[in-house]
Amino acid sequence: MSLSSIKGLLSSYSPVSDSECSETDLEKRLRSDNDDFDDSPRGSSSNARSADSKESKLVDGRFISDAIIGLSDGMTVPFALTAGLSALGDTKVVVFGGLAELIAGAISMGLGGYLGAKSEEESYRATLKETKTQTMTDPESVSDTVSNIFAAYDLPPELTAALTSHLSASPKLPDFLMNFHHTLQEPSGSRALICALTIALGYFIGGFVPLLPYFFVGPHDAFVALGWSIATMVVALFLFGYGKTCFVSGWRGARNVRRGLVGGCQMVLVGGVAAGSAMGLVKAFQLLAEK
């Protein structure tokens, strides 16, 4: 049942007596409107909806979320580690320790994303199986659920009854309940693998940024590289925080710019606290070892 057919029926709806229009007649009109909509040529509104659908598929929100998770962790944890190891003054220790943490962290984050996506798939399948069982064993409660879904849209009682009756006998009833009652989208078959690769790659890229300056200094110039690493990470963290905030709130307008600036400063503050804490702990352990 399409939304356009429901709107068309509502626009032509007027209260009538039971003798003039029965519930069965309403069902026939709904099916007829639905068939006409499917067979009719698409107009400008249909083309606009098709364009919006194609545009929305260009960027998957879950892909962006996974990338943000990986980059956010990658820009803070490895940076804190390399800053802490810089207190030892040995560039090789910083490079090898940073690379080891990057590889281990990327694998760990990727596996976590993979298992999380797999759990999401299993949860969807379990809910779908339970929903199908409920539609066969307890149709009355399912009909009440469908009726309650339409009740939130203030539809006429006759139309709600007709839609409920139609969907209760439709093989698409489980899909309808999954979308509008459980509000769950069916995950794609490659979701787990894409999630794992996105988070792992984001973590590695984000963590490799503070490690770059250490490849261009001498073996005992870790503090020099640390200064360049801090400067690089301040810029990277600010740009990441700004972009992450504006991606959600918008890029244009003074208010969105202010939100982006606040988000960038927050990311710099979080990274700075993490790096300072790690560096202070390593320095404290070094002083204790010398005593």
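Which of the helices (runs of 4 or more DSSP H) contained wholly in region 33-148 include at least 3 residues that are within 30 Å of Phe208 (Cα to Cα), modelled with pLDDT of 85 or more and open to solvent by less than 50 Å² (accessible area, probe 1.4 Å)?
Values: elements: 44-56, 61-74, 77-85, 91-137.
Per the criteria, 91-137.
What number of residues within region 258-285 are within 25 Å of the chain's Cα centre (by Cα) and in contact (Cβ under 8 Å) with a residue 60 or more places away in the chain?
Initial filter on region 258-285 (within 25 Å of the chain's Cα centre (by Cα)): 258-271.
Now restrict to residues that are in contact (Cβ under 8 Å) with a residue 60 or more places away in the chain: 267, 270-271.
Summing the residues that are within 25 Å of the chain's Cα centre (by Cα) and in contact (Cβ under 8 Å) with a residue 60 or more places away in the chain in region 258-285 gives 3.
What's the number of the condition Asp154 fails, among (1) in contact (Cβ under 8 Å) with a residue 40 or more places away in the chain; (2) over 30 Å from Arg191 (Cα atoms); (3) open to solvent by 30 Å² or more (accessible area, probe 1.4 Å)?
(1)
Do you know which residues across region 256-291 are in contact with a Cys (Cβ under 9 Å, 6 or more places away or on another chain) and aromatic (Phe, Trp, Tyr)? Before you say what the answer is, go through the steps one by one.
Filtering region 256-291 down to residues in contact with a Cys (Cβ under 9 Å, 6 or more places away or on another chain) leaves 256-257, 259-260, 263.
Hits for region 256-291: nothing passes.
Among the residues of region 222-229, is there at least one that is polar (S, T, N, Q), part of a helix (DSSP H, G or I) and open to solvent by 40 Å² or more (accessible area, probe 1.4 Å)?
No, region 222-229 contains no residue that is polar (S, T, N, Q), part of a helix (DSSP H, G or I) and open to solvent by 40 Å² or more (accessible area, probe 1.4 Å).
One residue is enough: does region 243-258 have a residue meeting the conditions surrounded by fewer than 16 Cβ atoms within 10 Å (Cβ to Cβ), under 30 Å from Val142 (Cβ atoms) and not polar (S, T, N, Q)?
No, every residue in region 243-258 fails to be surrounded by fewer than 16 Cβ atoms within 10 Å (Cβ to Cβ), under 30 Å from Val142 (Cβ atoms) and not polar (S, T, N, Q).
If I ask for residues that are open to solvent by 60 Å² or more (accessible area, probe 1.4 Å) and either touching a Leu at 6+ places or on another chain (Cβ under 6 Å) or not in a helix (DSSP H, G or I) (or both), which ones from region 259-291 would you list?
Lys291
State whether the residues of region 187-197 include one that is open to solvent by 40 Å² or more (accessible area, probe 1.4 Å) and farther than 30 Å from Ser108 by Cβ. Please lay out each step first, then the result.
Going residue by residue through region 187-197, those that are open to solvent by 40 Å² or more (accessible area, probe 1.4 Å) are 188-190, 193-194, 197.
Of the ones still in play, those that are also farther than 30 Å from Ser108 by Cβ are none.
For region 187-197, residues open to solvent by 40 Å² or more (accessible area, probe 1.4 Å) and farther than 30 Å from Ser108 by Cβ: absent.
Just the residues that are touching a helix residue (DSSP H, G or I) at 6+ places or on another chain (Cβ under 7 Å) and of a type in the set (A, V, I, L, M, F, W, C), please, taken from region 117-155.
Selection gives Ala117, Leu128, Val142, Val146, Ile149, Phe150, Ala151.
The values are calculated or read from the model by the stated rules, or taken from the named source; none is laboratory data. In this text the structure is predicted, and so the values were computed from the model without any measurement. No Cβ is skipped: glycine too gets one built from the backbone with ideal geometry, and neighbour counts run over all protein chains shown. Surface accessibility is based on the protein's heavy atoms, side chains included, excluding ligands, DNA and RNA. Shrake-Rupley method; radii C 1.70, N 1.55, O 1.52, S 1.80 Å.
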